[in-house]
Amino acid sequence: MGAVCEGCGTPKIVAKTHTWRDGCIIDNASGNANFCIYEVGFHNTLFEKAGAQLGIPLDNLILNAGRQASARVIEDLLGAHPLLAKLAFKAPFYHLVEKALVDFGKAIGVGDIEVLTHRKGKRGIIRITDPYHLSHCAAIVMGSMDVVYGYPVALSVAEDDKGCLLELEPGKSDEMIMEESFARLASAELKPRTFSGMPDVPRCKACGAPADLGSLYSFDLDRGIIREQLDQERVILIGVYSLNSILREFEQELGYDIADLFIRVEGGNFKRKLAVTLLGDDLKDAQGIQDYLALRGLGMLTSMETDADTSSFMVENVYIGPVVAGRLLALCEYQHGEKYSYEYSLQGNTLRFSTSPHGGATTPMA
């Protein structure tokens, strides 16, 4: 089992492979934005409510997008060492890679992953105890195995008294026929813009991860669970690729922008969190908001203007715009105690977002 840094409490396997900069959590090998820290409850509520309002099941969409994202993350991790990557998935080395993938999954908060049986090219069974979301966890395992085998694997899901059992069926590469949406959900390039002159997050001298990470989050590497110290809410280092792909697929399938739905759901989740914690005290000015977004990999706040009860924001390196916009909307509504209307624009990776009173008083608890 991998260890955590004694200086800040960050899992070493994450600190060695990723860097927090320019508002993103960046994979060192590829230079792409890889993860953001996201509340499990927000994730599950978002897709539950979106599915209910849209009237369509979302599990398959989440599975395909998460699978592509997982494969991309693993490919990025190996990208800097092509020879190692070529040898890593050949016997007998693949068992070492398999263990590293399990440790990595636990470190990002997927749950307790246990390989019950697996031989390359044969059927394998993996158990996940306390998965944060069944479809997304299955997707992470499938994407990893896609890279191991070099082609997509099949998977069935069952349950036992300890958790979820994922049964892998490797098949043959020429027998695999994938849905059109699977290919369409291929991850986009997420190269963040580099900023000069912007303040950097204070770093742990031992591992280089944010110095405050361990005081804000606790990492249980045995159970594969990350919790926020503020309220013991479970969080995950979730793939930005995955959420980005899901949003693009919604627009492709539905033919219109559904950002408003995601903004409103995210805003409701975040406003409830503000109401029961002291987090709002840390987000009263631009510096507090900038630090909050950057540490969680949600983007770099580069501009904030306020005039009485109206506010405007510009956030760069944003790859899941509705999530960031929803939190900014919730913050404004919570601080002023009333409903707000907003204007939302995401061009490239630059979010421009402004809020103004909508009318109709509310309370921070709403």
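Quick notes on this structure:
- Peptide ranges 219-225, 298-304 listed from the most packed, as the mean C-beta count within 10 angstrom indicates: 298-304, 219-225
- Cβ crowding within 10 Å ranks 5, 24 as 5, 24, fewest other Cβ atoms first.
- Residue-by-residue Karplus 3J(HN,Hα) for segment 48-63, coefficients 6.51, -1.76, 1.60, Hz, glycine and proline x: 5, 6, 5, x, 5, 6, 7, x, 9, x, 10, 4, 5, 5, 4, 4
- Looking at segment 246-299, the trypsin sites (Lys or Arg not before Pro) that sit in a DSSP loop and have at most 15 other Cβ atoms within 10 Å of their own Cβ are 284.
- Over all pairs of different C-alpha atoms in segment 257-361, the reciprocal of the mean inverse distance, the Kirkwood hydrodynamic radius, equals 13.5 Å.
Taken together, the values in this text are just the output of simple stated rules run on the coordinates, not laboratory data. A quick note: this is a predicted structure, and the numbers were derived from the prediction, not measured. Cβ: placed from backbone, ideal geometry, glycine included. Neighbour counts: every protein chain shown.
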